[in-house]
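Worksheet: the structure to be examined is printed underneath.
The values are calculated or read from the model by the stated rules, or taken from the named source; none is laboratory data. In this text, all values refer to a predicted model and were calculated from it rather than measured experimentally. Ideal geometry is used to build each Cβ from the backbone, glycine not excepted, and the neighbour counts take in all protein chains shown.
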Amino acid sequence: MAASHTTDPRVIRVGMLGCGVVGQVLLKLLDKHRPDFVRNGFDLRLTHVAVRDAAKARPGLPAGIRVGTDPLAVAGARDVDVLVELMGGTTLAVEVACQALARGVPVVTANKAALARHLPRYLEAARSGKAAVAFEAAVAAHIPIMEVLERSLACEEISVIKGVVNGTTNYILTFMERAGCEYADALADAAAKGFTEADPRLDVDGIDAAEKLSLLALKAFGAYFPPEAIHTEGITRVAQADLRLAQAMDHRIKLIAAARQTQQGLSLRVHPALVHKGELLADVDSEFNAIIIEGPAFKELTFLGKGAGQLPTASAVLNDLVKLAREPGHSALPVFARESATGLRLADKDNVSLCYFLRLPVKPADAWRAIERIGKLGLRVLSNAQVETGGTTWLGVIVDVVDEPRLLALLPQIAAIPGVQGSPVFIRLDKDNYRDIVDREQSAYFGASLERKPGAGI
Ligand code: HSE
């Protein structure tokens with residue numbers, strides 16, 4: 001039963017930086033949930049807001065709030081107990097948040113770009129001021145992944161954390177599949193619907209996903225690597241023919257962000273990847289996000305939810321505020337069991353071995369010969385398909401695990417195969433072991449019990 005407080009609620013004064021679309025929704029949520037706060041013995045009361053244009057009408061702002069244009073003044077105000085940073089940017093926003101933290105004022109922020117690029121500054125300021133910095137809203141908005149990594153899995157060993165963490169690119173890829181159009185038309189639709197960042201290159205070049213991966217890796221592995229250290233490729237090269245060929249071979253193409261413990265160190269990668277239709281990530285459509293965590297104790301945990309949008313983001317900010325209000329001593333610094341993982345090194349990003357998808361323009365009559373010749377180059381072709389777009393016949397093949405440098409070296413030889421009419425394009429699979437896919441298909445077909453029977457001969 002909820003505690004009912006008869007004494008006056010403990011008032012927590014909130015300073016807010018930025019009052020755009022997310023800020024406006026947050027105001028509504030604060031209002032809506034006030035009875036819940038009060039019933040639980042506290043109240044979150046907005047005292048200061050800093051905006052770019054103080055003269056602009058903001059109907060959602062309660063009377064009596066001080067509205068100014070100086071974020072530093074809000075961060076330094078005596079009547080601010082917690083700061084919410086929704087102004088964005090990677091310079092002043094960092095300065096303001098770190099000043100507040102160093103003064104002992106906790107900060108709630110959705111600013112993934114600032115956090116991922118300047119995390120050591122935030123952590124240092126938070127340590128010196130003994131204040132928490134909470135950023136659930138910065139990664140996959142309404143999927144409570146930070147909370148899970150910080151608390152529910154605080155003592156767990158994690159081997160992989162990966163997922164679809166950029167809603168815009170997932171929307172674009174889904175749109176391309178459904179409308180049968182090319183990338184540029186799908187991007188225009190995503191922009192018209194308001195999904196893209198102010199600078200869409202942050203989405204489509206994979207930068208937004210790399211920022212989120214940097215924060216996920218911090219919580220999952222206790223090691224900080226900035227987005228620049230992450231192998232990052234976007235979706236701008238993905239063509240309609242790739243999607244159709246992938247479909248024909250039972251795969252979909254997703255922008256995957258993945259952090260993996262490997263023998264060579266921590267592998268951090270963001271790039272488009274073919275995902276087999278039997279896998280959960282293949283089913284994540286439009287602006288949805290999904291995150292998968294793997295570890296020896298729990299095997300696999302999956303989270304699916306709205307990763308972008310005003311309400312999911314504002315709601316995640318509110319939940320962080322409530323967490324800080326209920327537990328004033330809460331620390332959102334790296335998870336205690338993983339804080340010592342500072343010796344973790346980064347794996348060489350060029351030296352990977354994966355399965356690969358290749359797309360090449362061919363003369364239809366020569367397609368089989370081309371597949372045979374690819375095999376003779378030492379690549380094991382596991383699957384193939386053909387489609388036609390704009391008068392060109394495209395051959396798609398999936399090849400078994402190969403060292404990427406070796407594959408790259410073979411591409412000119414593949415382009416020179418008789419009947420092949422141009423350079424091959426390659427996209428990685430989200431797999432370094434195609435056997436997983438085969439096993440999954442067999443187990444779905446025959447049933448898991450048959451698969452486990454000794455000597456069943458599958
Ligand atoms: N541009 C981001 C996305 C917004 O599409 O996922 C949420 O972080």
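Summary of computed values
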| item | result |
| --- | --- |
| Residue, farthest from the ligand (Cβ to nearest atom), within the range 250-266, restricted to residues that are crowded, with 18+ Cβ neighbours inside 10 Å and more than 20 Å from residue 205 (Cβ to Cβ) | 261 |
| Count of the range 267-291 residues which are in a loop (DSSP other than H, G, I, E, B), of a type outside the set (Asp, Glu) and surrounded by fewer than 19 Cβ atoms within 10 Å (Cβ to Cβ) | 3 |
| From the options 259, 273, 337, 325, residue that is modelled with pLDDT of 90 or more, over 22 Å from the mean Cα position of the chain (by Cα) and among the small types (Gly, Ala, Ser) | 325 |
| Residues of the range 286-313 satisfying the condition of being within 16 Å of the ligand (Cβ to nearest atom) and at pLDDT below 95 | 286, 287, 288, 305, 306, 307, 308, 309, 310, 311, 312, 313 |
| Residues of the range 205-249 that turn out to be within 13 Å of the ligand (Cβ to nearest atom) and in a loop (DSSP other than H, G, I, E, B), as a count | 4 |
| Of the criteria (1) assigned by TED's automatic domain parsing to the domain that holds residue 84; (2) modelled with pLDDT of 95 or more, which one residue 165 fails | (1) |
| Residue 309 being in contact with a Gly (Cβ under 8 Å, 6 or more places away or on another chain), of a type outside the set (S, T, N, Q) and at positive phi | yes |
| Residue selected from the range 137-151 under the condition crowded, with 23+ Cβ neighbours inside 10 Å and away from the ligand (no atom under 12 Å from the Cβ), by the criterion farthest from residue 208 (Cα to Cα) | 149 |
| Residue within the range 166-175 that is surrounded by 20 or more Cβ atoms within 10 Å (Cβ to Cβ), more than 16 Å from the ligand (Cβ to nearest atom) and over 23 Å from residue 113 (Cα atoms) present | no |
| Any hit, the range 77-84, residues being within 16 Å of the ligand (Cβ to nearest atom) and either small (Gly, Ala, Ser) or over 27 Å from the mean Cα position of the chain (by Cα) (or both) | no |
| Positions within the range 99-133 being within 16 Å of the ligand (Cβ to nearest atom) and within 19 Å of residue 14 (Cα to Cα), in sequence order | 108, 109, 110, 111 |
